[in-house]
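The values are calculated or read from the model by the stated rules, or taken from the named source; none is laboratory data. This structure is a prediction, so every number in the text was calculated from the model and none was measured. All Cβ positions, even for glycine, are placed from backbone atoms using ideal geometry, and neighbour counts span all protein chains on display.
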Amino acid sequence: MSNSKSTERPEDREIEQILKDPILLRKLSDRVYELFVEDLQNQRDRQPNNWSK
């Protein structure tokens, strides 16, 4: 990351760890996908007529 040490946020270290660890990266991407699917399903539930065209 391009942040200097003085402006580094606590979550920056976690992000670096995730990007370096394939297992953590996979877990994160799986979770993002689950949230995406859940959100898409919620959108369909709110507007069922628009999705059936």
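Take D21 and decide whether it is modelled with pLDDT under 95 and either surrounded by 11 or more Cβ atoms within 10 Å (Cβ to Cβ) or in contact with a helix residue (DSSP H, G or I) (Cβ under 8 Å, 6 or more places away or on another chain) (or both). Show your work before the answer.
On the way: modelled with pLDDT under 95: no; either surrounded by 11 or more Cβ atoms within 10 Å (Cβ to Cβ) or in contact with a helix residue (DSSP H, G or I) (Cβ under 8 Å, 6 or more places away or on another chain) (or both): yes.
Against the criterion (modelled with pLDDT under 95 and either surrounded by 11 or more Cβ atoms within 10 Å (Cβ to Cβ) or in contact with a helix residue (DSSP H, G or I) (Cβ under 8 Å, 6 or more places away or on another chain) (or both)), D21 does not qualify.
Does N42 satisfy being at pLDDT below 95, more than 21 Å from the chain's Cα centre (by Cα) and at negative phi?
It is false that N42 is at pLDDT below 95, more than 21 Å from the chain's Cα centre (by Cα) and at negative phi.
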